[in-house]
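The values are calculated or read from the model by the stated rules, or taken from the named source; none is laboratory data. All figures in this text were calculated on a predicted structure; none of them were measured in a lab. Heads up, the Cβs are rebuilt from the backbone with ideal geometry, glycines too, and the neighbour counts pull from every protein chain shown. The area values use the complete protein model at the heavy-atom level, side chains included, leaving out ligands, DNA and RNA. Shrake-Rupley method; radii C 1.70, N 1.55, O 1.52, S 1.80 Å.
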Amino acid sequence: MVDHSAPQSIGIIMNGVSGRMGYRQHLVRSILAIREQGGVLLADGETRVQVEPILVGRSEKKLADLAAKHGIEHYTTNLDEALADDRWQIYADFLVTKARAQAIKKAIAAGKAIYTEKPTAESFEEALELARLAEEAGIKNGVVHDKLYLPGLQKLKRLIDSGFFGRILSVRGEFGYWVFEGDWQPAQRPSWNYRAEDGGGIIVDMFPHWNYVLENLFGRVESVYAKAVTEIPARIDERGEAYPATADDAAYAIFELEGGVIAQLNSSWTTRVNRDELVEFQVDGTHGSAVVGLFGCKIQPRNATPKPVWNPDLADAHDYAGDWIESPGNREFENGFKTQWEEFIRHVVEDAPNEFDFLAGARGVLLAEAGLESSKAGRRIDIPVVSLDGAADASAAESAAPQLAEVR
């Protein structure tokens, strides 16, 4: 039965679309792709809700160029005017982290549904405040959890749900690549990523990702021991000027998870890739193991595991890579950003489930702060259970969640 109460279109304020992530993944590969397909299909299987974006940013020329290039009617440099207009029901934020919380608070006050990149704020307390404000205002809210929608991780979840691993023992992850310093080749990431005072740093960037990946696939993160380092102390910015790199560009961490699983994750912008993909996870269990990346998924069941013997006196001619079996996809995987966008729009329009909210975002910020504190203090940091009322253990929360500026 067609839901005649559903709107024919939904207006979306897209703030920060001139940035790399906001433009490529959220505008082009998500909202414009949804517009091209005729909108978001609702639960009845018949009704579609079309999307209508308004682009928001600081440069009117950039916005005008993007709007003309993609056939978008609306753009503005005045966020307050867009928030005051009832045509726009969703506020989407792709700003730099430093500017995000203030803009989101404006959107909450305007009564908009909100969808945002992560981290949601510069501190856990501010991220938790956003969750509380959104709850009190009764507005729907969502945080990007794109890694969970990668084909490789969706294949991994299927393996977990099927019981393939038996009892999961450990997770080992390698993420990263070499980001050029900017002298003889331009850097492929913006310079603010390497300035702590501007919200940069690989722990702030990646630990919110690791938090939702770990808690949704393996169990809640209960503690972290991390070492953050700045391997490249000086870089060249977009104007060709040298600047001191004050943020961490590599981090090495051990996470203890609920249920006893140990996860070891390396994150680095100062490593050269010698693996199939830019991120890979190996999951070992009593009945089998898997190696997954963005797309690939290789498995080795218990009954097909070789029996290596350590002998440093002889070269080992065994082809260990050949012992792994490629796991089939068995279905087509769409762009993860687009898929989550569709889910959030259904959440706004027809109250479909949405577990990736501001509170989930706050847990990611808490883990980032705990990682930075662990590195500073040289010890393991326990992660308290977090709710809208705060942390279950106030003393642990105080230890684990100092302001980022203080940690750095």
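Looking only at residues that are in a loop (DSSP other than H, G, I, E, B) and of a type in the set (A, V, I, L, M) in the range 234-253, which one is farthest from Ile381 (Cα to Cα)? If you could, list the steps in order and put the result at the bottom.
At the first step, the residues of the range 234-253 found to be in a loop (DSSP other than H, G, I, E, B) are 237-241, 245-249.
Keeping just the survivors that are of a type in the set (A, V, I, L, M) gives 245, 247.
Values: Ala245: 26, Ala247: 20 Å.
Applying the filter and picking the extreme gives Ala245.
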Worksheet item: Residues of the range 356-392 being touching a Pro at 6+ places or on another chain (Cβ under 7 Å) and surrounded by fewer than 23 Cβ atoms within 10 Å (Cβ to Cβ), which ones?
Response: Glu373, Ala391, Ala392
Worksheet entry | Test for Glu256: is it open to solvent by 40 Å² or more (accessible area, probe 1.4 Å), touching an Asp or Glu at 6+ places or on another chain (Cβ under 6 Å) and either over 25 Å from Tyr23 (Cβ atoms) or not in a loop (DSSP other than H, G, I, E, B) (or both) | yes
Discussion item. Yes or no: the range 222-233 includes at least one residue that is farther than 19 Å from Ile381 by Cα, touching a residue at least 60 places away in the same chain (Cβ under 8 Å), open to solvent by less than 60 Å² (accessible area, probe 1.4 Å) and not basic (Lys, Arg).
Written reply: no
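If I ask for residues that are open to solvent by 40 Å² or more (accessible area, probe 1.4 Å) and either outside any loop (DSSP other than H, G, I, E, B) or of a type in the set (Gly, Ala, Ser) (or both), which ones from the range 320-343 would you list?
Quick first cut of the range 320-343, residues open to solvent by 40 Å² or more (accessible area, probe 1.4 Å) only: 320-322, 324-326, 328, 330-334, 343.
If the condition is that a residue be open to solvent by 40 Å² or more (accessible area, probe 1.4 Å) and either outside any loop (DSSP other than H, G, I, E, B) or of a type in the set (Gly, Ala, Ser) (or both), then Tyr320, Ala321, Gly322, Ile325, Glu326, Glu343 are the ones that fit.
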Worksheet entry | Selection within the range 63-95 - open to solvent by less than 70 Å² (accessible area, probe 1.4 Å), free of Cβ contacts under 8 Å to residues at least 40 places away in the same chain and assigned to a helix (DSSP H, G or I) | Ala64, Ala67
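I'd like the residue in the range 368-391 that is of a type in the set (A, V, I, L, M) and assigned to a strand (DSSP E or B) and, out of all such residues, is modelled with the highest pLDDT. Step through it out loud before you land on a result.
Filtering the range 368-391 down to residues of a type in the set (A, V, I, L, M) leaves 368, 370, 372, 377, 381, 383, 385-386, 388, 391.
Remaining after also requiring assigned to a strand (DSSP E or B): 381, 386, 391.
Working: Ile381: 98, Val386: 93, Ala391: 63.
Among them, the one singled out is Ile381.
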Discussion item. Taking the conditions exactly as written (farther than 27 Å from Arg20 by Cβ and either modelled with pLDDT under 95 or of a type in the set (A, V, I, L, M, F, W, C) (or both)), does Ala360 satisfy them or not?
Written reply: no
Practice prompt. Could you list, in sequence order, all residues of the range 148-175 that are under 21 Å from Met206 (Cβ atoms), open to solvent by less than 10 Å² (accessible area, probe 1.4 Å) and not β-branched (Val, Ile, Thr)?
Written response: Gly152, Leu153, Leu156, Gly173
Item to complete: Quick one: in the range 96-118, of everything that is part of a loop (DSSP other than H, G, I, E, B) and modelled with pLDDT of 95 or more, which residue is surrounded by the most Cβ atoms within 10 Å (Cβ to Cβ)?
Response: Lys112
Fill in: Scope the range 277-314; condition more than 30 Å from Phe255 (Cβ to Cβ) and either under 23 Å from the mean Cα position of the chain (by Cα) or open to solvent by less than 100 Å² (accessible area, probe 1.4 Å) (or both); matching residues
Asn311, Pro312
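Can you tell me which residue within the range 259-271, out of those that are outside any strand (DSSP E or B) and not hydroxyl-bearing (Ser, Thr, Tyr), is farthest from Pro328 (Cα to Cα)?
Trp269
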Worksheet entry | Top-ranked residue in the range 33-56 [being under 17 Å from Glu350 (Cα atoms) and charged (D, E, K, R); ranked as least open to solvent (accessible area, probe 1.4 Å)] | Asp44
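If I go through the range 272-319 residue by residue, how many of them are in a strand (DSSP E or B) and either modelled with pLDDT under 95 or among the β-branched types (Val, Ile, Thr) (or both)? It would help to see each step written out before you state the result.
Narrowing the range 272-319 to residues in a strand (DSSP E or B): 279-285, 288-292, 297-301.
Applying the additional criterion that residues be either modelled with pLDDT under 95 or among the β-branched types (Val, Ile, Thr) (or both) yields 279, 283, 291-292, 299.
Residues flagged as in a strand (DSSP E or B) and either modelled with pLDDT under 95 or among the β-branched types (Val, Ile, Thr) (or both) within the range 272-319 amount to 5.
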Worksheet item: Before we move on, is Ser268 modelled with pLDDT of 95 or more, farther than 30 Å from Leu27 by Cα and among the hydroxyl-bearing types (Ser, Thr, Tyr)?
Response: no
Worksheet item: Do you know which of the residues in the range 127-147 that are charged (D, E, K, R) and free of Cβ contacts under 8 Å to residues at least 60 places away in the same chain is least open to solvent (accessible area, probe 1.4 Å)?
Response: Glu129
